[in-house]
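Structure, as structure tokens:
The values are calculated or read from the model by the stated rules, or taken from the named source; none is laboratory data. It should be emphasised that the depicted structure is a prediction, and the values quoted were computed from it without experimental measurement. For neighbour counting, all protein chains shown are included, and Cβ atoms are generated from backbone atoms with ideal geometry for every residue, glycine included. The area values use the complete protein model at the heavy-atom level, side chains included, leaving out ligands, DNA and RNA. Shrake-Rupley method; radii C 1.70, N 1.55, O 1.52, S 1.80 Å.
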Amino acid sequence: MSDAGTVVITGNEAAAIAVRLAGVQVVAAYPITPQSPVVETLSKWVDAGELRAELVRVESEHSALTVCIAAATVGARVFTATSANGLAYMNEQVWWAAGARLPVVMACVNRALAAPWNVLNDQQDSMSVRDAGWIQIYCRDNQEILDSLVQAYAIAEQVQLPVMVCYDGFLLSHTSMPVTVPPAELAKAFLPRREPLPIVDLQRPRNIGQVTFADPRADASGNLCHGYMEIRALHQEALERALDVIPAVGDAFAKQFGRGGGGLLWSHLLEDAEVALVAAGSIGSELSVAAETLRSEGIRAGVLGIRAYRPFPAQAVRAALAGKALAVVVDKAMSYGYEGPICSDVRAALLDAERAPAVFGAVTGLGGREVETSQLADAARRAVADFRAGARRRRTAWINLKLREEA
Amino acid sequence: MGTINCGHEIAISSPAAGEAGTTADWRTERPVLEAALCLAAKQGKESCQLCWVYCPDVCIARGVPPVVDFTYCKGCGICAQVCPTEAIRMIPDERGSSAAQPAVPP
């Protein structure tokens with residue numbers, strides 16, 4: 001696996017290779033389907049001496065992320081991977097890693113949350129922690145998994161924020177496709193080793209993440225320190241800065257490796273489209289095929305893919321969708337009691353925009369439910385028909401639901 | 001209050017007494033130590049010191065007998081729980097006294 005070049009590998013193998021290319025020093029994870037092969041592969045390499053990293057075995061996902069938090073605090077480059085209930089079990093530390101501004105990188109191999117028990121794909125797990133202050137990047141294919149994970153370290157270390165690289169369980173994690181693996185030396189030059197953090201100085205011990213009250217307050221040395229709210233505002237500013245850093249790192253990646261890249265959004269046939277199909281992750285590829293089908297029938301459709309979901313690129317979404325008649329947002333998750341999370345965010349981003357399209361939400365693929373391009377095209381046709389009949393707002397459509405007839 | 005630039009974007013500080021402010025006013029009970037029962041006092045040497053070991057706020061000083069710093073004692077009562085001879089007991093105290101003083105019976 002050490003040779004650079006194009007290989008046919010699963011998404012999980014692509015993730016493991018990216019972690020090795022990034023020179024990760026500490027890996028801690030707990031097994032959960034469909035993530036397990038990532039860490040199994042890393043474990044094999046550590047055992048064989050091919051990866052000089054500390055692989056810490058833990059009793060839970062909560063501890064896995066805690067190990068990463070501790071190691072990242074002293075300046076190590078760290079990695080963990082999880083899915084679904086594993087991420088839910090980590091939740092407390094997910095918030096800690098972000099609030100402590102640690103450049104932890106996690107692969108979230110998207111899987112449905114229980115109950116009922118299910119090991120198959122949707123995106124409810126990562127969507128459920130969208131507010132935690134991590135950067136979230138969604139991948140379309142296995143190449144994007146490798147590229148995005150390598151880029152994730154550059155982004156994380158520039159803005160001092162954790163990055164979650166999300167990719168669809170089984171659809172990508174266990175599916176083989178060609179992936180170009182860059183030479184290790186190029187990756188090493190792209191990601192120079194982290195410097196140990198100055199906050200860890202045995203001569204000057206420090207409390208980190210200590211009790212921080214509402215108001216700014218002088219510490220024992222007389223320095224006026226931020227209150228909780230100042231720290232949170234700075235966290236938000238860092239996320240806003242990431243809107244520039246993510247595409248800049250994508251450009252630097254393309255320059256370094258002579259291919260790839262990656263910004264906040266991607267698109268397919270969008271420029272002259274009247275109907276935009278919007279989604280994150282691998283369903284973007286199915287939507288691209290659906291858009292081509294619709295075009296062959298005279299419906300000018302295109303696709304807007306959300307690569308960076310947090311921070312949410314509202315301005316770029318507004319620009320990309322200006323002048324479209326209709327945006328159909330296809331979520332693989334719900335904000336239960338309301339609508340799909342991406343749909344809400346797209347709707348909110350367009351609220352003050354000129355020439356904004358109508359936004360219809362659709363949800364599909366929950367718990368691994370099959371999503372065929374023909375079904376996506378059907379759903380888009382129905383949305384266009386509703387729009388032409390005068391609808392400007394519509395109840396969330398459940399695509400391929402077998403409960404009752406739905407749009 | 002103007003803007004602050006403390007040079008950090010995270011919560012970080014140098015560890016020292018009183019970092020969380022003067023916590024004496026959290027107190028609703030205070031420990032009182034009866035020297036006649038305290039092992040260290042009875043033996044006339046710095047023995048036992050379990051209250052010093054267990055105080056979560058590090059506000060008991062080693063001694064014969066140990067001394068509570070009432071500027072920071074939150075009145076949690078752990079010292080009274082761990083004292084092997086029940087020399088320390090908790091009594092109601094809502095004054096939030098902030099003077100360092102030996103914990104002696106009133």
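Amide H contacts for B:Thr71 (H built 1.01 Å from N in the peptide plane; partners 5 or more residues away or on another chain; cut-off under 5 Å): B:Ala100. Average accessible surface for region A:5-190: 33 Å² per residue, computed with a 1.4 Å probe over protein heavy atoms with every protein chain in place. Packing-based ranking of B:41-52, A:46-57 yields B:41-52, A:46-57, ordered from highest to lowest mean Cβ neighbour count within 10 Å. Neighbouring Cβ atoms from other chains, within 10 Å of the Cβ of residues in A:218-227, number 5 on average. For the protein assembly as shown, a crude dipole built from +1 on the beta carbon of Lys and Arg and -1 on the beta carbon of Asp and Glu, taken about the Cα centre, is about 260 debye to the nearest 20. Take the Cα of A:Lys188, step 7 Å toward its Cβ, do the same at A:Asp47, and the gap between the two points is 2.6 nm.
Considering only A:Ala308, A:Ala385, A:Ala327, give the residue with the highest GNM mean-square fluctuation for chain A, with springs between Cα atoms whenever their separation is below 10 Å. Of the options given, A:Ala385 has the highest mean-square fluctuation. Where both bridge residues fall in region A:265-398, DSSP classifies roughly 20% of the beta bridges as antiparallel. Amide H contacts of A:Gln136 (H built 1.01 Å from N, in plane; Pro and chain starts excluded): A:Met164, A:Tyr309, A:Arg310 sit under 5 Å, all sequence-distant by 5 or more or on other chains.
Peptide A:122-131 has a mean shielding of 0, counted as Cβ atoms of other protein chains within 10 Å of each residue's Cβ. The mean of 1/r over all distinct Cα pairs in the protein assembly as shown, once inverted, gives the Kirkwood hydrodynamic radius of 25.8 Å. Peptides A:114-121, A:277-284, A:128-135, ordered by how many other C-beta atoms sit within 10 Å of their residues on average, highest first, read A:277-284, A:128-135, A:114-121. Here is how the number arises for chain A: DSSP H runs of 4 or more residues each give -39500 (n - 2.57), the sum is divided by the residue count, and the result at 222 nm is -12500 deg cm²/dmol. Projecting the Cα atoms of A:Gly11, A:Ile299, A:Leu55 onto the dipole axis of chain A, where Lys and Arg carry +1 and Asp and Glu carry -1 at the beta carbon, places A:Ile299 farthest toward the positive end.
Taking amide H atoms as placed 1.01 Å from N in the peptide plane, the amide H of A:Val181 lies under 5 Å from those of A:Gly5, A:Thr6, A:Val7, each 5 or more residues away in sequence or on another chain. Here B:Ala16 and A:Val58 are evaluated by their C-beta separation; at R0 = 45 Å the FRET efficiency comes out at 0.85. Taking every full run of DSSP H in chain A, the ones that stretch at least 30 Å from end to end by Cα along their long axis and average -1.0 or higher on the Kyte-Doolittle scale are A:228-257. Equivalent ellipsoid of region A:265-398: semi-axes from √(5λ) of the C-alpha gyration tensor, largest first, are 18, 18, 15 Å.
When the solvent-accessible area of the protein assembly as shown is split by element, carbon and sulfur atoms take up 53 percent of it, the probe being 1.4 Å. A:Asp378 contributes about 70 Å² of solvent-accessible surface, heavy atoms of the protein only, 1.4 Å probe.
Once both labels are positioned 7 Å from their Cα atoms along Cα-to-Cβ, the gap between B:Ala61 and A:Glu40 label points is 6.2 nm.
Taking the inverse of the mean 1/r over every pair of distinct Cα atoms in region A:5-190 gives a Kirkwood hydrodynamic radius of 15.8 Å.
To the nearest 0.05, how large is the calculated FRET efficiency for A:Arg259 and A:Gln210 if R₀ is 35 Å and r is the Cβ-Cβ distance? Once the sixth-power term is evaluated, E becomes 0.15.
Orientation-averaged projection of region A:119-265 equals 11.8 nm² [convex hull of Cα atoms, one quarter of hull surface area].
For region A:265-407, the solvent-accessible area with a 1.4 angstrom probe is 43 square angstrom per residue.
Surface burial for A against B, with a 1.4 Å probe and both sides summed, reaches about 1800 Å² of accessible area. Hey, how many Å between the Cα centroid of region B:50-80 and the Cα centroid of region A:339-402? Spelled out, the Cα-based centre of one part sits 63 Å from the other.
Take each residue in A:233-241, count the other chain C-beta atoms within 10 Å of its C-beta, and the mean is 1.
Protein-only accessible surface at a 1.4 angstrom probe places the residues A:Glu354, A:Glu59 in the order A:Glu354, A:Glu59, largest first. Within a straight-line Cα-Cα reach of under 20 Å, A:Lys402 can be paired with the following lysines, leaving aside sequence neighbours fewer than 8 residues apart in one chain: A:Lys332. Placing a label point 7 Å from the Cα of A:Glu372 along the Cα-to-Cβ direction, the residues of region A:267-291 with a backbone N closer than 17 Å are A:286-291. Only beta bridges with both residues in chain A are counted; by DSSP, about 25 percent of them are antiparallel.
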